Each structure stands twice: as C-alpha cells, then as structure tokens.
Amino acid sequence: MKETFRKLFDKVKPAFGFLTNKKATKGASITYQVIWNLLLLLMITAVLGTAFAGAAGAGYFASLVKDEPIRSYDKMHKDIYNYEETSQLYFADDVYLGKLRTDLDREEIKLENVSDHVKNAVIATEDEYFYEHDGVVPKAILRALFQEVTNSANQSGGSTLTQQLIKNQILTNEVSFDRKAKEILLALRLEQFFEKEEILEAYLNVSTFGRNAEGRNIAGIQAAAKGIFGVEAKDLSLPQAAFIAGLPQSPFGYTPFMQGGGLKDEAGIQPGVNRMKTVLNRMHSDGQIDKEQYDSAINHDIVADFKTKKDADPLEKYPYLTVEVEERAKDIMMGILAEQDGYEEKDLEADDELKQEYKTLADRAIRQKGYKIHTTIDKKIYDAMQKVKDDYPNYGPDKPQMKVVDGKEQEVTEQVQVGAVLIENSTGKIISFVGGRDHKSEATNHATRSIRPNGSTMKPLLIYAPAMEMGKAQPGTILPDVPLYLHPGLNRPWPYNYTMTYNGLVSARYALEMSYNVPAVKLYKDIVGQRPATYLEKMGFTSLVDVDYTNLAASIGSLEHGVSVEENTNAYTTFANGGKFVDAYMIEKITDKEGNPIFEHKVEPNDVFSPQTAYLTLDMMRGVLNSGTATSVKSRLKFGSDWAGKTGTGNNFEDSWFVASNPNVTFGIWTGYDTPKSLKTGGLNYSLRTNYLWADLMNAAYDINPKLVDPSESFKRPDGIVSRSFCAISGLLPSEACSKAGLVDTDLFNAKFVPTQVDKSLGTGRLVRIGEKKYLALESTPEEFSEPGMVLDPDYIEQLFGIKANPSDLIPKRDRWANVLVAADKLSENGKVPGAPGIKESGSSISWGKHPESDVIGYRVYKDGKKVGSVKAGDSLSFKAANGKYHVTAVDIAGKESSSSNVIELGKKEVEAKDKDQNTEEKPKTEDKPKKEEKPKDDKPTNKPKPEEPKDDKKEENPPSDEDNDE
C-alpha cells in the first residue's frame with residue numbers, strides 16, 4: 001500500500017514546480033513521509049473504529065434481543081396465522097344469519113382468491129423490494145435510524161411487509177429500539193421459514209382497513225372488499241385495489257365511512273382518494289401498470305363504487321337471537337377451554353374468579369377465531385312468530401312505573417311483555433322463541449333469561465306427577481277442596497282458589513282441570529317430606545334454593561326466585577317423552593374456519609318419571625284443554641292435535657302462563673310486566689289474552705311447518721295402565737251404598753297403584769229438605785216429610801284425609817250429590833209446637849208462606865176435616881184444591897204439629913151459580929111439551945147436584961198429577 005502511495009505521489013509532483021529542485025525534493029520526501037504516516041494513522045484509526053463500532057453495534061443489538069426466545073417454525077406459524085376472524089351465525093339447516101358482534105370484522109382468504117391488482121398495489125406501496133430482500137432492507141433501516149437520531153420531520157418507513165407482519169402478529173406497536181431490534185431478528189427468521197406468498201397472504205389477512213359501510217372496524221382484504229365495495233377480493237378492480245392498498249398507512253384517516261356507518265362528506269373522503277392516486281402512481285413507476293391503465297384508473301370515479309346500502313346487522317334484525325346465541329356459545333367455549341386445562345364444570349362453579357377468567361377467554365375465542373355457530377332456530381317459524389308478536393292487539397294496557405333514569409327517578413310506562421319457547425320434544429331443539437316486545441326498550445330475553453313465578457303450571461311438575469310416581473295419588477284420587485289451615489303463620493284458611501270458593505270432595509283429575517289450589521297444596525303437603533322438588537332438578541330447574549324444597553307455596557309456583565319460560569316449557573317435554581327429560585338447546589354445533597367441528601350437541605335423555613306416570617299426567621292435562629281452564633285454546637287453533645297442557649297465574653295476577661304439549665312439540669308462553677303488577681283489566685280476561693296469543697303463535701308455526709307442529713299420531717298409552725271404578729267420595733272401590741248413591745266413577749290407574757280397599761264412608765238414612773239445604777231426619781220425623789238418602793260419615797273422612805273440616809263443606813254442590821248427607825248435618829228442634837200457618841185462596845189452589853220457625857219441615861193439608869195432602873218445606877207452598885173446606889197445619893222435624901190455620905171453603909159460590917143457571921135454562925116451553933111431562937126432568941139436575949160431590953172428593957184426595965207438578 002505504501003508503494004502504491006509513492007507511485008501516486010511521484011505522478012503528482014510535476015504538477016507542483018516547487019517540488020522539482022533538490023531542496024524541494026528533499027522537503028517533498030519529508031512531506032511524503034509525514035503525509036503517509038498521517039494517512040496510515042487515519043486508516044488504522046478508521047479500521048479500528050469501524051471494528052469497534054461494529055462490535056459495539058453488534059453487542060448493543062445482541063443486548064436488545066437477548067430476552068427474545070428462539071422461535072420454532074411451529075411457534076411462528078401459530079403466531080403468524082393467529083389473527084382475529086369474525087365468527088358467523090347460522091339458523092337451522094345452514095341458513096346464514098350474520099356475523100357475531102365484534103370490534104373487528106375479518107374474514108380469512110387464500111392468496112389465490114385475491115386480485116392481482118391488490119398484490120401489486122400493496123407491494124408497490126408498502127415494500128417495493130419484497131421479492132428481493134430477506135426480511136429487512138439495510139438501506140431503509142439506516143435511513144430510518146438516521147432520521148430517528150436526527151429527529152427528521154420527514155421520516156420514511158423502514159419496515160418491510162415481513163416486519164409489519166411481525167409487528168402486528170408477534171410484537172406490539174411500541175416505538176423503541178428494543179422492539180425494532182426484535183422485529184428485525186424475527187423478520188430474518190420468518191423469511192427462513194416461509195415462502196413469500198405465505199407472508200403476503202398473512203399480511204393481507206392481518207392488515208386493518210378502517211371501517212365498512214356499517215361503521216364496523218374491518219381487517220383483512222376480504223372484509224375490506226366486501227365492506228367497502230360490496231365485492232369479493234378476487235373481483236376488485238384496479239382503482240378499487242389501489243384505494244384499499246392505500247388504507248393501511250392511516251386506516252381511519254383514509255376510510256370513506258363514518259363510525260356510525262354511512263359515507264363521509266366530500267372533504268372526509270378526499271384524503272383516501274388522494275392516497276389512491278399515490279398508490280397508482282407508484283404502481284406505474286414500478287412498472288406494475290402501463291400508462292393506459294394508469295390514466296383509466298386515475299380518472300375513475302371511485303366514490304361511485306363505495307358501498308352505500310348497509311347489510312342487515314343481525315343484532316339489529318335479530319337482537320334477542322343474536323345475543324342469546326353469543327351467551328350460549330361463550331358458555332360452551334368456556335367449558336371446552338377449561339376442560340383443555342384440566343378443569344371440570346364443578347371447579348368453575350366453585351370458583352367465581354376462575355369462571356370469570358374462562359368466560360373472558362371464551363368471549364375472546366368466539367369473537368376472534370372465525371367459528372361457524374349453527375343454531376337450531378327455524379328461520380321461517382322464528383320470523384313468523386315475531387310478526388304475530390308485533391301485530392297481536394290484546395296484550396293489555398301499558399302501565400306507569402317509577403324508575404331511575406340517568407340518576408333521576410321518573411315515571412315511565414311499561415308494556416305487557418311476552419316470552420315464549422317452542423321445543424321439539426324428542427331432541428330438545430329450540431325451534432323458535434319470542435324474547436320480548438321490543439329489544440330497544442327492554443333488552444331482557446323473557447324467553448330464556450327472565451325468572452318469574454310459574455303459578456299453577458307448577459302443579460303437574462311438582463305435585464301430581466311426583467305424587468303418582470310415589471304411589472300417593474292417581475287421577476281418581478279424591479282430594480278435599482274445603483277451607484284448610486295449611487300455612488302455620490296464618491290464622492285464616494290457606495290456600496284459596498282463584499274463584500274464592502270451595503268445591504268439596506273432588507278427584508285429582510278434576511282439581512287439575514279446574515286448577516283448584518286447595519286440593520293441590522293438600523296433596524303436596526302429604527308428600528313434601530319426600531322432597532319432590534328433586535324432580536324439578538332432574539327436569540332442568542336451575543334456580544332452586546333450599547327453601548323451595550320445603551315451602552308449600554312452591555307447589556303453586558311461588559319459588560324463591562322463579563323459573564324461566566325455557567326451563568318451565570322444557571320440563572313439560574318430560575311427559576311427552578315418556579318420563580325422560582331431554583335438555584333443551586339452541587346451538588347444534590360449532591366448527592372452526594376450516595369446517596372442523598369443535599363442538600357438537602349430543603342428546604342425552606335422563607329418566608325422571610315412569611312411562612305410566614308420564615302418560616297419566618298427560619291424560620289429566622288433556623282435560624285442561626277439553627273442559628278445564630284452557631277450553632278457549634282449541635277453538636282458536638287452525639289444527640287439532642292431541643294436546644295436553646296447563647294454565648297458570650302468579651300471585652296477585654302478576655304472571656300469566658300456558659304450557660302445552662303434543663307428541664312432537666311443547667310450546668310455553670308467559671305474559672306480564674317487568675315490574676310485577678296485576679294483569680287484570682276491565683277488558684278481555686288476562687288468561688284469555690295469554691291463551692289467544694299462544695294459539696296465534698302456534699298457528700303461525702303450523703302455517704310454516706304443519707308436519708312438525710301437527711303430528712297425526714296421539715300420545716301412546718304404555719303398558720301397565722288400567723281402567724278401574726272407584727267411589728267418588730273416597731277414591732276406594734265402590735261399596736253397594738256408593739253404587740246406590742250414583743257416585744261411582746271410572747278412571748285410569750297405574751296398575752301398580754289400583755285401589756284395593758272398599759269404601760266405607762256411606763250409610764243409608766233419611767233426610768229432609770228445606771229450600772236448597774238438606775238435613776238428617778230424626779227418629780220422630782214423620783216419614784211423609786223425609787226421603788231415603790245416603791249418609792256420609794265425617795269421622796271416616798277425617799281419618800281418610802287427615803283433616804278436620806266442616807262436614808257440610810265436604811259435599812260438592814252438584815246434582816248427583818243431592819241425596820248425600822253428612823251424619824253431623826242435623827236440624828236443631830226448638831222444643832215447642834209450631835205456630836199455625838195462614839193460608840189464602842189462589843184461584844183453584846190454596847197457598848201459604850214460609851213458616852218463620854226454622855225447624856218446620858212440612859205442612860199437612862186438610863179438606864172437610866180429612867188429611868188430603870202433605871207438602872214438604874222445600875217444595876212449592878201451595879195445593880191444588882177441589883170444592884170443600886180447607887185448612888193447613890205446620891209440622892216440625894220432631895213431628896210436632898201446629899194448630900189449624902184459618903179455613904177456606906172452595907166451590908160454594910160456584911155451586912150456587914150453577915143451580916141458578918140450570919133452573920133458568922130448563923124452564924118448560926108450553927108450546928112444545930106438556931108441563932107435567934117435563935117437570936121431573938127439570939127437578940133432577942137442579943135439585944140433586946150433591947150426589948156428584950163425593951166422587952169429586954175421592955178424586956181430589958190424592959191426585960198424582962198435581963203432586964208431580966208441585967215437585
């Protein structure tokens with residue numbers, strides 16, 4: 001190197017004349033040595049400096065990335081492709097519903113399905129050396145570094161597409177040398193593992209592109225193409241591709257759409273248009289497009305291509321459904337994720353923090369993993385039911401309610417709300433539901449999330465079916481509907497029926513049909529010690545607490561917290577399924593973005609009741625629609641299935657229910673105010689309003705799918721069901737006395753629990769009637785005023801039912817019970833002779849008023865001193881009389897007879913008038929006949945009318961036709 005420098009020095013000497021003489025030459029030699037030594041020193045210094053700087057730089061770089069782990073291919077692959085993708089929702093049969101709510105709308109797409117214009121535009125704009133570098137461009141890095149050190153105002157990006165992908169998917173957006181060093185290292189490593197096409201595909205799926213026409217944030221080229229221009233990514237034109245390629249630099253500055261959806265104004269759109277032109281210019285400069293393509297694209301009206309019609313947001317069109325599916329999907333994913341980590345459901349229930357942690361992870365998963373969530377909801381039936389719900393005119397009035405709004409209490413109005421669920425019995429599929437009147441005014445899903453008392457719809461679930469399963473009751477079991485004191489904290493009878501009346505001895509079947517509370521609670525009291533609420537657990541009730549297992553009011557729907565419409569309806573499917581409970585569900589399956597199932601629902605029936613109990617319960621509930629509290633439903637339906645169901649009313653008329661099953665489906669409905677208040681109005685009965693809506697909703701489902709909701713078959717009667725006769729007083733086998741009384745009924749029984757004992761409640765006796773009341777006759781009671789009847793032994797009834805009741809309350813007020821008395825029903829005799837009655841003439845009859853003394857049981861009628869009739873106190877107080885003198889006496893229950901009433905003579909005036917008429921008419925006509933010949937004939941009819949009277953008396957003494965009329 002020194003020799004080279006000398007030769008160079010010799011060449012330049014002639015240029016300097018002062019270097020040609022000796023002295024100068026000697027000086028030049030010295031100069032040369034000095035210069036050379038200085039240059040050598042500089043060179044050594046430079047080399048050493050460079051080496052030192054390089055070593056220092058390398059050391060610094062190493063220090064920045066020392067904590068960055070060495071990532072394997074699998075790890076980097078997972079990280080790079082781990083980007084959020086919006087999950088999609090489906091109705092039944094793969095009918096598309098929409099995308100799940102998320103902060104970022106994204107759809108994954110393969111590179112082969114992306115327009116070449118997009119690829120070229122992105123590379124020309126973001127990384128012109130993409131296909132040449134190994135992950136980083138040193139020149140760009142040095143330029144960016146210099147700009148950073150000098151704090152240059154015009155900084156240019158130094159990141160390649162590879163680096164941007166690393167930043168978005170593995171690192172953060174933090175601005176630091178530490179993060180930048182890691183980005184460079186990982187970019188170099190990524191390029192060793194992946195092809196350029198894989199990196200570009202990932203970048204296009206990751207990048208954010210502002211907002212779509214609905215105002216939702218979008219990421220990924222497919223979501224951008226659809227959301228901005230309404231086309232697939234493969235169909236983007238050159239100007240459209242250029243516009244989208246320019247967005248990542250400032251997604252929300254260049255987006256043409258506002259946050260709430262819809263286009264910005266012209267000034268707001270212009271920055272994005274200008275950026276598009278910049279992209280086109282770079283594409284032309286790089287040779288990606290020719291001049292003709294450039295000119296065409298630069299002059300294209302891109303604004304006209306922007307999507308203006310908003311897609312139907314599932315949350316807007318199907319708010320109740322969308323939110324419900326989200327919640328159920330989160331619950332499913334929570335279980336899956338926890339199980340993957342070794343936890344069980346009981347672990348989550350026992351630890352609220354752990355449960356919340358997995359709930360959060362599950363929410364993130366369903367919003368970011370691009371799942372396809374398939375539901376059981378039939379779109380057509382669901383839509384039809386919403387229309388019926390919206391158009392129904394008979395909900396009842398809105399009512400005022402004080403609520404706190406924005407921190408201030410103010411009066412608002414509340415609508416009558418509705419919740420309804422349609423479930424397929426055999427599978428548990430929720431076919432459709434009605435969540436409420438208006439999601440915007442009240443977002444609570446009243447079908448699945450609202451918990452309310454279920455009134456008398458509880459009776460089959462908690463009383464009658466469990467009692468039959470235990471062998472404590474059958475449809476023909478007799479129950480007392482009389483005032484009972486079953487609540488220890490009350491000094492008045494409880495419970496009471498909705499009619500506020502009592503009905504005596506009734507069968508379990510009849511009590512259920514008419515929804516009587518008293519006999520139902522009495523039966524529940526007899527079995528509550530066996531904890532029948534455990535049956536509710538088996539049928540999916542999830543809100544039970546300890547008090548619900550012992551509180552008698554639970555039997556008529558007053559649970560501590562209540563039950564949802566879904567759970568209540570789902571429980572009824574147990575009867576339709578022959579006693580097996582099938583849990584209702586709404587999500588059929590969840591698949592990942594490749595279509596692989598990560599969850600599929602499995603139908604798992606659980607035994608609750610025997611087939612015999614299930615069928616008998618259904619058969620009893622048939623009567624509710626045929627002759628009970630829901631008779632209005634059948635006439636409202638368009639079709640006639642084999643329905644069995646139950647109505648229900650909450651406390652103070654605050655809730656109204658109806659649930660019914662046929663062999664295919666079960667449909668339940670609830671109506672009420674969100675803040676409990678009475679549904680009673682002066683218009684259409686609240687129960688009818690609910691039942692009519694139930695029928696209208698079922699008719700809508702029938703119009704869509706009659707095969708589903710109107711099966712041709714009926715409920716199948718299982719083996720082990722027999723028909724038996726029983727006495728309607730006790731439910732036991734009929735005695736001869738019960739048969740004579742006409743009180744034998746026939747019903748279905750589980751063969752295991754047919755009655756084996758004979759009824760002993762009845763004996764024969766005689767009774768008297770006063771008005772509508774009946775009393776036992778005394779030994780001294782005249783037989784003429786009594787009649788044969790059956791006498792009920794109250795002691796036997798007390799022993800049979802375990803109650804102390806007023807004996808007269810036990811006898812139902814129905815015709816066939818007319819001749820049955822309770823042994824204790826005796827009329828008190830006042831101990832004195834009755835006073836004489838007063839009679840009067842009424843045409844051809846005599847009549848009198850009711851005797852003022854309460855123990856008078858009848859009246860005797862006398863004519864001319866002879867008794868000619870007896871009239872019971874409960875009959876019409878009159879007697880059809882012939883000519884003669886009449887008087888009447890009163891007789892009390894002890895047989896004492898009063899003195900004679902006043903006397904009335906009938907027929908005297910009529911006889912005198914008849915004699916006068918006959919004498920006038922029979923005067924002889926002298927011109928026709930001799931006077932002597934006619935005189936005897938004239939005397940006979942006029943002078944001898946009395947021989948006819950004894951015949952008349954005999955005739956009227958006991959006229960049967962008159963007695964029948966009096967009865």
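The values are calculated or read from the model by the stated rules, or taken from the named source; none is laboratory data. If you're wondering where the values come from, they're calculated on a predicted model, not measured in any experiment. Don't worry about glycine lacking a Cβ; one is built from the backbone with ideal geometry, like all the others, and counts go over all protein chains shown.
Yes or no: Gln474 touching a Phe, Trp or Tyr at 6+ places or on another chain (Cβ under 8 Å), over 24 Å from Asn570 (Cα atoms) and modelled with pLDDT of 95 or more? Lay out the reasoning, then the answer.
On the way: touching a Phe, Trp or Tyr at 6+ places or on another chain (Cβ under 8 Å): yes; over 24 Å from Asn570 (Cα atoms): no; modelled with pLDDT of 95 or more: yes.
So Gln474 does not fit the description; no.
Would you check if there is a residue in the range 593-611 being assigned to a helix (DSSP H, G or I) and buried (at least 22 other Cβ atoms within 10 Å of the Cβ)? Let's see the steps before the verdict.
Going through the range 593-611, the residues assigned to a helix (DSSP H, G or I) turn out to be 611.
With buried (at least 22 other Cβ atoms within 10 Å of the Cβ) added as a condition, the list becomes none.
No, the range 593-611 contains no residue that is assigned to a helix (DSSP H, G or I) and buried (at least 22 other Cβ atoms within 10 Å of the Cβ).
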Take the residues of the range 741-792 that are within 52 Å of the chain's Cα centre (by Cα) and of a type in the set (S, T, N, Q): which is nearest to Ala818 (Cα to Cα)?
Ser761
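Got a sec? Which of Ala576, Ala554 is in contact (Cβ under 8 Å) with a residue 40 or more places away in the chain and more than 15 Å from Val659 (Cβ to Cβ)? First the steps, then the outcome.
Details: Ala576 fails: more than 15 Å from Val659 (Cβ to Cβ).
Of the residues listed, the single one that is in contact (Cβ under 8 Å) with a residue 40 or more places away in the chain and more than 15 Å from Val659 (Cβ to Cβ) is Ala554.
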Among the residues of the range 458-470, are any assigned to a loop (DSSP other than H, G, I, E, B), within 23 Å of the chain's Cα centre (by Cα) and surrounded by 15 or more Cβ atoms within 10 Å (Cβ to Cβ)?
no
For the range 79-95, name all the residues that are surrounded by fewer than 21 Cβ atoms within 10 Å (Cβ to Cβ), over 23 Å from the mean Cα position of the chain (by Cα) and more than 17 Å from Arg364 (Cα to Cα).
Asp94
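Residue-by-condition table, conditions (1) touching a Phe, Trp or Tyr at 6+ places or on another chain (Cβ under 7 Å); (2) at pLDDT 90 or above; (3) not in a helix (DSSP H, G or I):
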| residue | (1), (2), (3) |
| --- | --- |
| Lys867 | no, yes, yes |
| Asp875 | no, no, yes |
| Phe879 | no, yes, yes |
| Tyr886 | yes, yes, yes |
| Gly895 | no, yes, yes |
| Asn902 | no, yes, yes |
| Glu905 | no, yes, yes |
| Val911 | no, no, no |
Can you tell me which residue in the range 627-636 is nearest to Ser656 (Cα to Cα), limited to those that are surrounded by 14 or more Cβ atoms within 10 Å (Cβ to Cβ), of a type outside the set (Lys, Arg) and in contact with an Asp or Glu (Cβ under 9 Å, 6 or more places away or on another chain)?
Thr629
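Just to be sure, is Gly742 closer than 30 Å to Ala777 by Cβ, touching a Leu at 6+ places or on another chain (Cβ under 9 Å) and not hydrophobic (A, V, I, L, M, F, W, C)?
Working: closer than 30 Å to Ala777 by Cβ: yes; touching a Leu at 6+ places or on another chain (Cβ under 9 Å): no; not hydrophobic (A, V, I, L, M, F, W, C): yes.
No.
Which of the residues spanning the range 71-99 are assigned to a loop (DSSP other than H, G, I, E, B) and either of a type outside the set (Gly, Ala, Ser) or within 30 Å of Lys182 (Cα to Cα) (or both)?
Filtering the range 71-99 for residues assigned to a loop (DSSP other than H, G, I, E, B) gives 71-72, 81-84, 86-87, 91, 95.
Listed by number, the residues that qualify are Arg71, Ser72, Tyr81, Asn82, Tyr83, Glu84, Thr86, Phe91, Val95.
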Is one or more of the residues making up the range 123-146 modelled with pLDDT of 90 or more, small (Gly, Ala, Ser) and within 14 Å of Lys234 (Cβ to Cβ)?
no
Does the range 723-749 hold any residues that are buried (at least 17 other Cβ atoms within 10 Å of the Cβ) and either acidic (Asp, Glu) or in contact with a Gly (Cβ under 6 Å, 6 or more places away or on another chain) (or both), and which are they?
Phe726, Gly731, Asp745, Asp747
Quick one: Gly157 ticks every box in (1) modelled with pLDDT of 85 or more; (2) of a type outside the set (Asp, Glu); (3) under 25 Å from Ile298 (Cβ atoms) bar one, so which box is it?
(1)
Suppose we keep only residues that are under 25 Å from the mean Cα position of the chain (by Cα) and part of a helix (DSSP H, G or I) within the range 363-373. Which one would you say is surrounded by the fewest Cβ atoms within 10 Å (Cβ to Cβ)?
Asp363
Can you tell which of Glu108, Glu112 is within 42 Å of the chain's Cα centre (by Cα) and not in a strand (DSSP E or B)?
Glu108
Would you confirm whether any residue within the range 438-460 is β-branched (Val, Ile, Thr) and without any contact (Cβ under 8 Å) to a residue 60 or more places away in the chain?
no
State whether the residues of the range 703-721 include one that is touching a residue at least 60 places away in the same chain (Cβ under 8 Å), among the polar types (S, T, N, Q), under 26 Å from Tyr464 (Cα atoms) and crowded, with 18+ Cβ neighbours inside 10 Å.
no
Mind telling me which of the residues Ala297, Ala329 ends up being among the hydrophobic types (A, V, I, L, M, F, W, C), part of a helix (DSSP H, G or I), outside the structural domain of His446 (by TED's automatic domain parsing) and in contact with a Pro (Cβ under 8 Å, 6 or more places away or on another chain)?
Ala297
